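Just below is one structure, and these are the notes that go with it.
Just so it is clear, none of the values below were taken in a lab; they were calculated from the coordinates. The structure presented is a predicted model; accordingly, all values stated were derived computationally and were not measured. Cβ atoms come from the backbone with ideal geometry, glycine included; neighbour counts cover every protein chain shown.
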């Protein structure tokens with residue numbers, strides 16, 4: 001690979017929808033798009049996700065968690081495609097870019113975004129770094145739900161409208177569930193090698209069978225959340241989603257194949273589940289955002 005291709009590979013581009021899709025959905029939920037704030041929010045999300053990907057690559061590489069037996073795509077540090085120092089510097093540069101964009105949004109809206117952003121950056125580092133990485137405590141999924149679901153979606157909505165509507169909260173839950181499903185698909189594949197290296201992720205703790213069930217619960221839960229939000233909205237529009245949000249359910253066909261594969265695939269055959277879940281989140285989020293915009297146009 002060329003030098004640029006190496007770093008693109010390390011950024012794990014097939015999963016980057018987990019950070020960009022919530023920004024699109026949060027913007028639609030706000031109903032008041034401001035171009036530069038959208039770009040800044042996208043940079044925050046992208047910078048944090050690529051930063052955590054590089055940081056995880058660095059930490060797992062130097063600690064010996066990533067080995068030649070790993071079933072996923074090769075990592076930069078453990079494979080020798082990049083030096084540990086270079087991967088660490090790349091992670092810090094991504095976090096810096098996210099921090100600058102976040103500060104711009106904070107000064108334009110509220111300085112409360114500064115401590116929230118600082119916590120997000122600390123969580124990025126402690127995912128696989130520090131004396132007790134929380135990924136090894138089975139807390140990675142919870143943090144992904146909070147930061148790539150609630151914070152990314154509701155936070156984006158706030159920087160546009162300076163308030164968070166009920167639609168934004170419902171949408172943030174759906175985005176969080178699908179982001180967690182991406183992580184669960186990844187960790188399901190890595191159960192054998194993570195267990196062997198002592199990395200006790202939630203998937204390792206639950207075991208193979210229950211992790212597969214969890215994946216399906218998360219995917220179905222995202223679709224069910226939209227349906228429930230619409231039912232609440234029918235009863236009281238202030239607390240739920242509009243019926244236009246049901247457009248997100250059109251993405252269901254994209255969920256069928258990953259849901260089937262997760263029931264029988266083993267080892268590297270689980271990689272398409274990860275890729276398919278990323279595509280599902282992008283389609284689901286795009287349709288949900290379209291529904292939210294159409295609701296605003298019809299109001």
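Can you compute the modelled spin-label distance between residue 33 and residue 256, with each label point 7 Å from Cα toward Cβ, in nm?
About 3.1 nm, to one decimal.
Please give the contour-minus-distance gain from residue 96 to residue 249: 0.36 nm per residue of separation, less the Cα-Cα distance, rounded to one decimal in nm. Before the final figure, lay out the partial values.
On the way: separation 153, 0.36 × 153 = 55.08 nm, distance 3.68 nm.
So the extension gain works out to 51.4 nm.
FRET efficiency for residue 297 and residue 6, Cβ-Cβ distance as r, R0 = 45 Å, nearest 0.05? Can you show the working numbers first?
Numbers: r = 44 Å, r/R0 = 0.98.
My answer for the efficiency is 0.55.
Rounded to whole Å, give me the distance from the Cα center of region 139-199 to that of region 82-116.
19
Using alpha carbons only, how many degrees (0 to 90, rounded to 10) separate the axis of helix 113-126 from the longest principal axis of the chain?
Helix 113-126 sits roughly 30 degrees off the main axis of the chain.
Give the angle, between 0 and 90 degrees and rounded to the nearest 10, that separates the Cα long axis of helix 252-264 from the longest principal axis of the Cα atoms of the chain.
30
Would you kindly state how much longer the chain becomes between residue 89 and residue 118 on full extension, computed as 0.36 nm times their sequence separation minus their alpha carbon distance, in nm to one decimal?
Numbers: separation 29, 0.36 × 29 = 10.44 nm, distance 1.85 nm.
The span from residue 89 to residue 118 would gain 8.6 nm if fully extended.
Taking 0.36 nm per residue of sequence separation and subtracting the Cα-Cα distance, how much length would be gained by fully extending the chain between residue 137 and residue 216, in nm to one decimal? Provide the component values of the computation, followed by the final result.
On the way: separation 79, 0.36 × 79 = 28.44 nm, distance 2.21 nm.
Length gained, residue 137 through residue 216: 26.2 nm.
Quick one: helix 271-298 against the long Cα principal axis of the chain, what's the angle to the nearest 10°, folded into 0 to 90?
20
Give the peptides 84-91, 17-24, 4-11 in descending order of average Cβ contacts within 10 Å, highest first. List each step's numbers first, then the result.
Values: 84-91: 18.5, 17-24: 25.8, 4-11: 15.8.
Highest-to-lowest ranking by the protection proxy: 17-24, 84-91, 4-11.
Go ahead and estimate [θ] at 222 nm for the chain from helices alone: -39,500 (n - 2.57) per DSSP H run with n ≥ 4, summed, over the residue count, rounded to 500. Provide the component values of the computation, followed by the final result.
Numbers: 14 runs with 214 residues, N = 299.
Value at 222 nm, helices only, nearest 500: -23500 deg cm²/dmol.
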